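Read through the structure below, which is laid out as structure tokens, and then see the notes.
The values are calculated or read from the model by the stated rules, or taken from the named source; none is laboratory data. Bear in mind that the values here come from a model prediction, so they are computed numbers and not experimental data. Neighbour counts are summed over all protein chains in view; Cβ atoms, including those assigned to glycine, are modelled from backbone coordinates with ideal geometry. Side chains are part of the model used for accessible areas, which takes the heavy atoms of the whole protein and leaves out ligands, DNA and RNA. Shrake-Rupley method; radii C 1.70, N 1.55, O 1.52, S 1.80 Å.
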Amino acid sequence: MSYNEALNGLTYDRDAHNDLPAVQAANVDGRRYQVAKADLSTLNIAPHFRGVSMAYIGTEGHPHLAAINPKFHFDDLDLDRLINVTIAREWSRAEGDPRRGILIMGDKGVGKTQYLRQRLARQGIPCSVISWRPEMDAVDLIYSKTLIGGDVSIEKGVLWLAAEGGYPVVIEEIDVARPAQLVALNEIIDTGTITIPETGEVIHARRGFCVFANCNSSFTEDRHGGFAGTRSQNISVLDRFFKYTMEAPSDEAQAKFVKALYPDVSDEDAGRYGAFMGMLRKAASSDGSGVSVQGSVHRVSLGFSRRNLIDWMDMTGSFAYLADQHISVPKYALGPIYTNVLPANEKATVEHLFDLAFGVTQ
């Protein structure tokens, strides 16, 4: 499934949106889709979440609408609430009020970008994503110039396209930017106003445009070596976002995640997977503290994300036939997903943690 079919049942009724003049204006401003209020409980977002926010109607096939991953598991209620408030605010704010997105902070692999993209996709909201590189300038997000036959051609970048289209942008790894370059985006983040110096053209973003971002640090320099290249950023940029720290799921949450996606896995085995994920998360902690088990401290240099977990579970199913050969299938399947890239000492550490979590006796 690549599109949320529940959106097909939504319609825009002008009279039902008298309290939201921005929505009424959006549906006559020439954009490719319509905007309407929606009961989120009907959009297959998460069984625990209720509320009313905006949905975009008619965005199926949009190049920046994420394909829905039916295996994606929403289990961060606080982030769900903040996303809801942020999107609803964009359509209810007064014309002169600043736009606001969310800066999502958290360790690598916790799913910051995917959580946001999958959530927006279920509301039919396109979302363009760009990863900031240390050598990038702010203008690289707005447009690029190409020399063609002696003439300069200007190509629209992700910010320009999203501003014209009226949908969000996510800037990944925003904390690796040079501070002055990030400050140069303050006006765009706040007002959606983009000026093209070469032509003098001024673009005023449509309603619905806002800037989200994520980073592994908390907008500070990396002090432990876990997030190489991060820089301390100007507080004026930080002030233009709502802030949220996405924590790694607990062992119990990981076990529930496994059960939700793979109901044939026993409760006992789901708990083992959750415990193993918890030990790996601590072993790969960015501060280098590691995980203390039975009096020994274990450390690894590479984290293990939910994306890795899904691949691992799928690979375990593919190698299930090896159980007849008395091979530990989960440990064997862990190789192509994770351990094969580790140095020998770390591979031994991971296998030891696996044995502890799964109750393997030597």
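Taking Cα atoms, how many degrees apart are the long axis of helix 112-122 and the longest axis of the chain, rounded to 10 and kept between 0 and 90?
60 degrees
Per residue, how much accessible area does the stretch 246-362 have with a 1.4 Å probe, in Å²?
53 Å²
Given the chain, what whole percent of its Cα pairs are spread farther than 37 Å? Don't skip to the answer; put the middle values down first.
Numbers: 18958 of 65341 pairs.
So the portion of pairs separated by more than 37 Å is 29 percent.
Relative to the Cα centre, what is the charge dipole magnitude of the stretch 48-143, using +1 at the beta carbon of each Lys and Arg, -1 at the beta carbon of each Asp and Glu, and rounding to the nearest 20 debye? Don't skip to the answer; put the middle values down first.
Details: 13 positive and 12 negative charges, 57 e Å.
I would put it at about 280 debye.
By the gyration tensor of its Cα atoms, with a ≥ b ≥ c the square roots of the eigenvalues, what is the shape of the stretch 15-166: rounded for a/c under 1.5, prolate for a/b over b/c, or oblate? Let's see the in-between values first.
Working: a/c = 1.93, a/b = 1.32, b/c = 1.46.
Oblate shape, in that a/c is at least 1.5 and b/c is the bigger or equal ratio.
Go through the stretch 247-349 and name the GluC sites (Glu not before Pro) that are in a DSSP coil and have 15 or fewer other Cβ atoms within 10 Å of their Cβ.
On the way: sites: Glu247, Glu252, Glu268, Glu346; in loops: Glu247.
Those satisfying the criteria are Glu247.
Just the number please: accessible area per residue for the stretch 1-127, 1.4 Å probe, all protein chains included, in Å².
Result: 43 Å² of accessible area for each residue.
May I ask for the angle, rounded to the nearest 10°, between helix 344-358 and the longest principal axis of the chain, with both axes built from Cα atoms and the value confined to 0 to 90°?
Between helix and principal axis, roughly 80 degrees.
Once you've got the Cα coordinates, tell me which of Lys112/Lys331; Lys282/Lys347; Lys112/Lys243; Lys108/Lys282; Lys71/Lys256 are over 18 Å apart.
Values: Lys112/Lys331 27 Å; Lys282/Lys347 16 Å; Lys112/Lys243 13 Å; Lys108/Lys282 13 Å; Lys71/Lys256 13 Å.
Going by Cα-Cα distance, Lys112/Lys331 fall outside the 18 Å limit.
If I fit a long axis through the Cα atoms of helix 251-261 and take the longest principal axis of the Cα atoms of the chain, what angle between them do I get, 0 to 90°, rounded to 10?
In the chain, helix 251-261 runs at an angle near 80 degrees to the longest axis.
If I compute solvent accessible area with a 1.4 Å probe over the protein chains, what percent of it on the stretch 300-362 is carbon and sulfur? Please list the in-between numbers first.
Numbers: 1800 of 3390 Å².
Of the solvent-accessible surface of the stretch 300-362, carbon and sulfur hold 53 percent.
If you take the beta carbon distance between Thr199 and Ser301 as r and set R0 to 51 Å, what does 1/(1 + (r/R0)^6) give as a FRET efficiency, to the nearest 0.05? Mind dumping the intermediate values first?
On the way: r = 48 Å, r/R0 = 0.94.
Result of the calculation: an efficiency of 0.60.
Projected onto the charge dipole of the chain (+1 at Lys/Arg Cβ, -1 at Asp/Glu Cβ, origin at the Cα centre), which of Gly157, Thr42, Ser144 gives the Cα projection farthest towards the positive end?
Of the candidates, Thr42 comes out farthest on the positive side.
Which value, in nm² and rounded to one decimal, describes the direction-averaged projected area of the C-alpha convex hull of the stretch 240-298?
Values: hull surface 23.2 nm².
Averaging across all directions leaves 5.8 nm² for the Cα convex hull.
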